[in-house]
Every structure is written in C-alpha cells, then in structure tokens.
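Beneath this line is the structure, given in structure tokens, with notes to follow.
Where a number appears in this text, it was derived from the coordinates with a stated rule and is not lab data. Because the structure is a prediction, the values reported are computed rather than measured. Note that we place each Cβ from the backbone using ideal geometry, even for glycine, and neighbour counts take in every protein chain shown.
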C-alpha cells in the first residue's frame, strides 16, 4: 500500500520552502523510478529503508541534501519506504543552511558530512520521531531559527530573477543580471551561491520542466510547437535536451511515462 502526501510550509517559511512531501510504501518487491532534475534542491530524511542509487550502486544516505544537477538518475526501493522530503525554493538553500548551494552540485551529501551539529541533531530527531506531522514541525522549528541571522537582500534579487525566468522561456543571462541589478560576474557568483548551479544550467532545467508542463496539459501537442513555446532553438534541440535530462527522446518518454512538471505544477 502506498501513501503520498504534500504539505505546504507555514507562512514564515513559504518564501524559502515550496512544500514537504511524505512517501510511505509497504511494497515487498523492489520498485524502480527514474528521477529527473526538478530545479529545486531538496533535503531527504529516510525513516524506512534507504533507496538504492542504481547509477552509483550504493544506498542513499539516511538523511541528505540533494544538489542541483543536469541529467537523470535511477533509484530502487530496498524494502519499506518511509521518507520525508523538503523541497526548497530554487534560491533558498543558502539562507536556510548557511552554506553555498554550489557545494552540493550533482551530489547527495549526507547531513552528517555537512558538519553542522544542529542539522545532524535534527536528522536524528526526525528519524526517532514516529509521527510524520510532528517531524514536519521539528523541521520548521529548525529552519525558522535559521532565519533570524540572515540578511535577505540577495535572496530578494534571486526571487525577482526567478519570477522572470518562470515568465520568459528565452530569457538571457544579461537580462537576468539586469533584473538583479548586478554585473554579470557578480550575478553568476551570487546565483551559484544561492541556487546551486550556473544561470545557464538553471535555464536549461527550467526549459525542460516547461516542456513537461506543456505535455502534461496536452500529451498530443506537436513537438515543434512544444519546442517553440518552451524556448528551444528547434525540435532537434529539444530532442537532444530531452535525451540528456530523461534518457529518452520525447516520443520514448511519452510511451513509458505520464508527463508531470514538478517545477511548474507548484507555481
């Protein structure tokens, strides 16, 4: 039996956290899933059996921070699943964890490896707490305490930039730096610090998520139309990016998956 629940953050944390999700699955037999880049860093707490990363042939850490990445990964269950995941706003890991986001790029970093005593204590308390809603309260209390020692001016810049990224499929790096009122060099540095990847890579992730959103609304949409709406240079460009991000061409993807955009479905 499987249970999936999405929980919105409290008002104070809404600018920093998109949502939490809780997954429970008692499946006896291994279940595999392909994970695509979402555009948001995440923090995962395994309260049940850890997932096996098939690409790395290793179990995921008991609790970890998942960085931005381009490319897919395959995971497989190893027993009863019970996990809580914090999905951050694209630009909000730096304010909440007080660590540059780019340090997590392309990696799942154990919370213990971060060398943050309070974070390690949170991970232990979440694992030891039976009630998952109580776990969410513990997580929120932890992050609310982190807000009081943070200056918000750069986060406001990044928030404004992402507002434009979400609206403009073909936004340029120079346009983004202008919105942030920063030089190109300053913008690239602060963007990587807060978002965990480069502006160019993030635009590619959002473009792929935008294509999934269009196909989610209409699976019969012509690929030429999807490419045009989502900012790809042409259909061939979209097929190439689809292959990189998902391991499938668009046609192959639709034959095995129901399209869903984690990024745009939560806007």
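For labels at residue 265 and residue 34 in the simple 7 Å Cα→Cβ model, what's the distance in nm?
1.6 nm
So what is the relative contact order for the chain, in percent, with contacts set as C-alpha pairs under 8 Å and at least six apart?
Details: 468 pairs, mean separation 51.5, N = 267.
Across the chain, relative contact order equals 19 percent.
So if R0 is 45 Å, what FRET efficiency would residue 216 and residue 117 give, r being the distance between their Cβ atoms, rounded to the nearest 0.05?
Working: r = 42 Å, r/R0 = 0.93.
It comes out at approximately 0.60.
Listing 94, 145 from the residue with the fewest other Cβ atoms within 10 Å to the one with the most, what is the order?
Numbers: 94 24, 145 10.
Listed from fewest to most nearby Cβ atoms, that is 145, 94.
At 7 Å along the Cα-to-beta-carbon direction for both residue 184 and residue 58, put a label point, then send me their distance in nm to one decimal.
3.7 nm
Taking the Cβ of each residue in 197, 11 as the centre, tally the other Cβ atoms inside 10 Å and list the residues starting with the fewest. Intermediate values should be presented prior to the final figure.
Working: 197 25, 11 7.
So the ranking, lowest neighbour count to highest, is 11, 197.
What percent does the relative contact order of segment 201-260 come to when contacts are Cα pairs within less than 8 Å and at least six residues apart? Mind dumping the intermediate values first?
On the way: 46 pairs, mean separation 21.0, N = 60.
The value is 35 percent.
Let's test the formula: R0 of 30 Å, r as the Cβ-Cβ distance of residue 235 and residue 109. What FRET efficiency results, to the nearest 0.05? Walk me through the numbers on the way to the answer.
On the way: r = 37 Å, r/R0 = 1.24.
Result of the calculation: an efficiency of 0.20.
Arrange 177, 236 by Cβ neighbour counts within 10 Å, fewest through most, would you? Working shown, then result.
On the way: 177 21, 236 11.
The order, fewest Cβ neighbours first, is 236, 177.
Please give the calculated 222 nm ellipticity per residue for the chain, where each DSSP H segment of at least 4 residues contributes -39500 (n - 2.57) and the sum is spread over every residue; nearest 500 deg cm²/dmol? Write down the numbers at each step before the final one.
Numbers: 10 runs with 114 residues, N = 267.
Value at 222 nm, helices only, nearest 500: -13000 deg cm²/dmol.
Between residue 145 and residue 168, take the C-beta separation as r, use R0 = 22 Å, and let me know the FRET efficiency to the nearest 0.05. Intermediate values should be presented prior to the final figure.
Numbers: r = 36 Å, r/R0 = 1.64.
Between residue 145 and residue 168 the formula returns 0.05.
Give the Rg/Rh ratio for the chain, taking Rg as the radius of gyration of the Cα atoms and Rh as the Kirkwood radius, to two decimals.
0.96
Among 213, 69, 120, which one shows the biggest mean-square fluctuation in a GNM of the chain, springs joining Cα atoms closer than 10 Å?
Of 213, 69, 120, the Gaussian network model singles out 120 as fluctuating most.
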